[in-house]
1. By the gyration tensor of its Cα atoms, with a ≥ b ≥ c the square roots of the eigenvalues, what is the shape of segment 97-221: rounded for a/c under 1.5, prolate for a/b over b/c, or oblate?
2. R0 = 45 Å: FRET efficiency of ALA252 with LEU146, Cβ-based, nearest 0.05?
3. When the chain is fully extended, how far beyond the present Cα-Cα distance does GLU35 get from LEU435, taking 0.36 nm per residue of separation?
4. Would you mind counting up the charge near TYR310? Only other residues with Cβ under 14 Å from its Cβ, with Lys and Arg at +1 and Asp and Glu at -1.
5. At what distance in nm do the modelled label points of GLU280 and VAL459 sit from each other, each positioned 7 Å from its Cα along Cα→Cβ?
6. Let a ≥ b ≥ c be the square roots of the eigenvalues of the Cα gyration tensor of segment 383-424; is it rounded (a/c under 1.5), or, if not, prolate (a/b larger than b/c) or oblate?
7. Given labels modelled 7 Å from the Cα in the Cβ direction, how far is it in nm from SER479 to LEU135?
8. Can you give the helix-only mean residue ellipticity at 222 nm for the chain, where every DSSP H stretch with n ≥ 4 adds -39500 (n - 2.57) and the sum goes over all residues, rounded to the nearest 500 deg cm²/dmol?
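Every number in this text was worked out from the coordinates using simple rules, so none of it is lab data. Everything numeric in this text was worked out from a predicted model, so none of it was measured. A quick note on method: Cβ atoms are made from the backbone with ideal geometry, for glycine too, and the neighbour counts reach across all protein chains shown.
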Amino acid sequence: MASTDPLLGGKEEEEGGGEVRRARRWWVGRVVDTEEAWAQTRFAVPMVLTNMSYYAIPLVSVMFSGHLGDVHLAGATLGNSWATVTGYAFVTGMSGALETLCGQAYGARMYRMLGLYLQSSLLMSAAVSVLVSALWCFTEPLLLLLRQDPAVSAAASAFVRAQVPGLFAFSFLQCLLRYLQTQSVVAPLVACSLAPFLLHVALAHLLVNALGLGLAGAGAAVSITFWASCLMLLAYVLRSERFAETWNGFSAEAFRFVVPTIKLATPSAVMVCLEYWAFELLVLIAGLLPNPTVSTSLIAMCSSTEAIAYMITYGFSAAVSTRVSNEIGAGNVEGAKNAVAVTLKLSVFLAAAFVLLLGFGHGLWAGLFSGSAIIAAEFAAVAPLMMASILLDSAQGVLSGVARGCGWQHLAAVTNLVAFYVIGMPLSIFFAFKLKWYTKGLWMGLICGLTCQTCTLMVITARTKWSKIVDAMQEKKASYVA
């Protein structure tokens, strides 16, 4: 063969290879809109990284607290759960109103409204943070009322009270995140979350170990870190030219939109909190089973695994919320429908990959949480149920994102109430105690709730009259003054 001859044949082979590649692309294109899928992935990955960073910040403080002693670890763990279910989850849910308001306004090119909606949401978040802070000041007596150990309750109170300033920062932070997210500005979010996370590790070491401030220092580190991240995002918005149309400075006009924001934010917070609380309730119920140490540890492991898997779903939930709200604002019904279909396929596919890894590596995964052979064996028995719940959670997460994008958070809130507290929790108790399936029974009840939730949201999405939502948005646009 001459040196100039192709290694794999002549032009015919090259053309044949091109036909194969085109056929492969055609097959993939039949399964999923590749252009939309790539756009969704580029949006979702930064959101996943951002969410993981914020999730890890209080977790690092809990880890540092654990080196102070068993009571400190128990107090920080209990305090972290208390702060999440009574504060952080609530303000995160309330910020979901901006996914509807800002997302649709941006798609409709009503750019000035984004700044006004952001300001009204910040005002609302500040008021809510004041109320939650008052609740946090009574953490110890409330935990004692819930029959928690006195020493652990006192430790949890010290950890939580130091996070009161951080609650305000976190609530403002969530509003800024949604404001940027709805404009598809996600790359800067990674820098403004990863950098504070790295700062937090050093800060927690300084306050807890070097200065010996204990649990109060661990909580204060969380507050300082959240404020650092909040100020970074605020500085970015104020100094960047790309927000010249959507941010015109502070305006008294924002007060006009506080009530409409609250009307969307309240059901948005309820839909988030109801799901958070369901997982926390499972841990509490597990403590009433015959072997509470093993059962509580096992359910806590399962909940943590579910939360980690959901971080992937969260990115696509944010992506579909933004795409749907933007397309509704632009009056593009088909674009919104296509975004829903693509995101649902991507999320379930990635959840299936996670499930396969869990199925083959559940022993190694359990070893990261506990060295107990009993807990590892119990986790192996529950793993198939975990796989089912993760797949369901991946679907409902995307559908919940569609709910936020469309603005029917009230329907999702009612769905979650019925799914988890009328169906899921009662069945968990029945399976665990009456049928004596114990931890398996608890998780099976949760799966029943997730199934009900996912199917209901799927039906609502399928039967949604998209044209009515678009028409309502066009009416708003007609009365808009730039």
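1. Working: a/c = 3.55, a/b = 1.73, b/c = 2.06.
Oblate.
2. On the way: r = 43 Å, r/R0 = 0.96.
Here the calculated transfer efficiency is 0.55.
3. On the way: separation 400, 0.36 × 400 = 144.00 nm, distance 4.96 nm.
This chain segment gains 139.0 nm when fully extended.
4. Working: positive: none; negative: GLU275, GLU306, ASP393.
That sum, taken over residues with Cβ under 14 Å, equals -3.
5. Roughly 3.0 nm, to one decimal.
6. Values: a/c = 5.73, a/b = 1.47, b/c = 3.91.
Here segment 383-424 falls in the oblate category.
7. 3.4 nm
8. Details: 19 runs with 384 residues, N = 482.
So the calculated ellipticity at 222 nm is -27500 deg cm²/dmol.
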